[in-house]
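Please treat every number below as a calculation from the coordinates, not as lab data. What you see is a predicted model, and the numbers here were worked out from it, not measured in a lab. With ideal geometry, Cβ positions are generated from the backbone for all residues, glycine too; neighbour counts draw on all protein chains shown.
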Amino acid sequence: MVESRYNVIIVGGGIVGLAVGLEITQRFPRLRLLLLEKEHRVGRHQSGHNSGVIHSGVYYKPGSLKAKLCVTGAAAMVEFCREHAIPHQVCGKVIVATHEEEFPRLEELRRRGDANGLTGLQSIGPEELREIEPNASGLRALVVPATGITDYAAVCDKYAEIITARGETILTSTEVTGIKRYGEITVETSRGAFSGKSLINCAGLFSDRISRMAGDDPQVMIVPFRGEYYDLIPERSSLVRSLIYPVPDPRFPFLGVHFTRRISGSVDAGPNAVLAFRREGYKRTDFNLRDLGSSLIFPGFWRMAAKNWRSGLDEFHRSFSKPAFVRALQRLVPEVGDEDLVPGGSGVRAQALTREGALVDDFQFVPSGRMLHVLNVPSPAATASLLIGRTIVSTAADGLGLR
Ligand SMILES: Cc1cc2nc3c(=O)[nH]c(=O)nc-3n(C[C@H](O)[C@H](O)[C@H](O)COP(=O)(O)OP(=O)(O)OC[C@H]3O[C@@H](n4cnc5c(N)ncnc54)[C@H](O)[C@@H]3O)c2cc1C
């Protein structure tokens, strides 16, 4: 039954909001919880438009939240999928250096993986690479056995099912339009007002706006980066056995276009990282004046643009030119051709940007009285979602008055 007063209100039914809800209903079963989602189903944005990879934790700076929550989160995700019969596979992956200049960065990834406690990492040469991925070409590679794949939309549905089975409320098709704090917190929505003692903002691409709606200054702006995929045609999907990644450019929080075998068996290639002109803009032509305008007036945007204009233009070029996209993929699998790839889906990443023009690297959770704003949870947040939920609830339980 929908009531109007709750102990905790969560804004956003993506994998992070749902994982926080799951943890609250597990730890504090007496609290009345309401989760509000503007779409007609949960998991419709980043959480349902990603690569489906259970990341191992090899990439992230030792000691960072990303590193800690990804390594333990990956194990928890595999266990959750096993327990709830969600299709998944720990298939491992290779990160491939195709130029000598990439060797130091590949070694740095190995160091990070070791420091983050990953086991079974192996540095290999071209012959061993071909034993694992017969069509991959590279000078050296790092084998990461703990990487897996799953279906995060199915994970979201299962999180939601458990929350509602515990008697708590998820309202879809309910957009949060205003937040007022008079003692209690009043949340205005497209389906009426609700009040709560505390609020957790997990609104993904709109988390900075929700923070501002609540009267806070998020200090960052969410920049949408669209990631576009091509699908390998089924007759050529045998070119890739599991996951083949390039060595990422350390200047960006993205992993570079790669080949991913999906849990359904198909293989896709991507995603690139193109600045989107609309926060939930899945098509190249999508445009929203407010979204673009808020980017252009944010000082950090121009600082980021000045630093990264060249790589930004390369990404735009790859977005509009299939041959350029294919060339990037051929570095990893030379046999792949233009005719083997058909346009696939896309996703839009929420990436926080500071006023100084820096892309925020680590996860960022910002408390404000009886509220908490989850302001930066890019990849590997789907992998780490259970641990993100646990961490937020453990660290913020007192501030939010959950105990
Ligand atoms: C292309 C791409 C590939 C990725 N690949 C991987 C991967 O392989 N592995 C991995 O671990 N991670 C990956 N990620 C990252 C991962 O998907 C995200 O980090 C994660 O899904 C973030 O979850 P979220 O709940 O914060 O955001 P979302 O899933 O975007 O959820 C936020 C929700 O808030 C809702 N909302 C917003 N405003 C309002 C409002 N006013 N009222 C009510 N509801 C509102 C939205 O509708 C949305 O459902 C990828 C992301 C992308 C985009």
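Along the charge dipole of the stretch 148-206, which of 203, 164, 192 sits closest to the positive end, that is, farthest toward it, with unit charges on the beta carbon of Lys, Arg, Asp and Glu (+1, +1, -1, -1)?
192
Mind ordering 61-68, 246-253 by average Cβ neighbours within 10 Å, highest first?
On the way: 61-68: 18.0, 246-253: 16.5.
Highest mean packing first, the order is 61-68, 246-253.
Please report, in debye to the nearest 20, how large the charge dipole of the stretch 127-247 is about its Cα centre when each Lys and Arg carries +1 at its beta carbon and each Asp and Glu carries -1 there. Could you put the intermediate results ahead of the total?
Values: 13 positive and 17 negative charges, 81 e Å.
It works out to roughly 400 debye.
Under the definition of Cα pairs under 8 Å and six or more residues apart, what whole-number percent is the relative contact order of the chain? Mind dumping the intermediate values first?
Values: 887 pairs, mean separation 96.3, N = 403.
It comes to 24 percent, rounded to a whole number.
Would you mind checking the radius of gyration and Dmax of the chain based on alpha-carbon positions, in Å?
Reported Rg and Dmax, both Å: 21.0, 66.
Please list 3J(HN,Hα) in residue order for the stretch 218-227, calculated via the Karplus relation 6.51 cos²θ - 1.76 cosθ + 1.60 where θ = phi - 60°; whole Hz, with x for glycine and proline.
x, 6, 10, 10, 7, 9, x, 10, 7, x
In debye, nearest 20: dipole of the stretch 309-386 around its Cα centre with unit charges on the Cβ of K, R (+) and D, E (-)? Please report the intermediate quantities before stating the final value.
Details: 8 positive and 9 negative charges, 62 e Å.
Charge dipole, the stretch 309-386, about its Cα centre: 300 debye, nearest 20.
Of the peptides 371-384, 208-221, how do they stack up when ordered by the mean number of other Cβ atoms within 10 Å, highest first? Could you put the intermediate results ahead of the total?
Values: 371-384: 26.4, 208-221: 19.4.
Ranked from most to least packed, the peptides come out as 371-384, 208-221.
Under the rule that an exposed site lies in a DSSP loop and has at most 13 other Cβ atoms within 10 Å, name the longest stretch of the chain with no GluC sites (Glu not before Pro) of that kind, not counting the sites themselves.
Free of exposed loop sites, the longest segment is 4-334.
Collect residues whose amide H, placed 1.01 Å from N in the peptide plane, falls under 5 Å from the amide H of residue 352; neighbours closer than 5 in sequence don't count.
Counting only residues 5 or more places away or on other chains, the set is 223, 360.
How large is ³J(HN,Hα) for each residue in the stretch 310-318, as worked out from phi by the Karplus curve 6.51 cos²θ - 1.76 cosθ + 1.60 (θ = phi - 60°), to whole Hz, x for Gly and Pro?
5, 5, x, 5, 4, 5, 4, 4, 5
Taking a ≥ b ≥ c as the square roots of the eigenvalues of the Cα gyration tensor of the stretch 149-199, is the shape rounded (a/c under 1.5), prolate (a/b larger than b/c) or oblate? It would help to have the intermediate numbers written out before the result.
Working: a/c = 2.64, a/b = 2.13, b/c = 1.24.
Verdict is prolate for the stretch 149-199.
From the square roots a ≥ b ≥ c of the eigenvalues of the alpha-carbon gyration tensor of the stretch 1-151, which class results: rounded (a/c under 1.5), prolate (a/b over b/c), or oblate? Present the calculation step by step, with values, prior to reporting the outcome.
On the way: a/c = 2.79, a/b = 2.39, b/c = 1.17.
Since a/c reaches 1.5 and a/b is larger than b/c, the shape of the stretch 1-151 is classed as prolate.
Ordered by residue, what ³J(HN,Hα) values in Hz, to whole numbers, does the stretch 359-364 give under the Karplus form 6.51 cos²θ - 1.76 cosθ + 1.60, where θ = phi - 60° and Gly and Pro are x?
7, 5, 7, 8, 4, 9
Of 368, 49, 295, whose Cα points farthest to the positive end of the dipole of the chain (charges on the beta-carbon: +1 Lys, Arg; -1 Asp, Glu; origin at the Cα centre)?
368
Taking the Cα centre as origin and putting +1 on Lys and Arg beta-carbons and -1 on Asp and Glu beta-carbons, what dipole magnitude results for the chain, to the nearest 20 debye? Please report the intermediate quantities before stating the final value.
Numbers: 49 positive and 44 negative charges, 233 e Å.
Charge dipole of the chain: 1120 debye, to the nearest 20.
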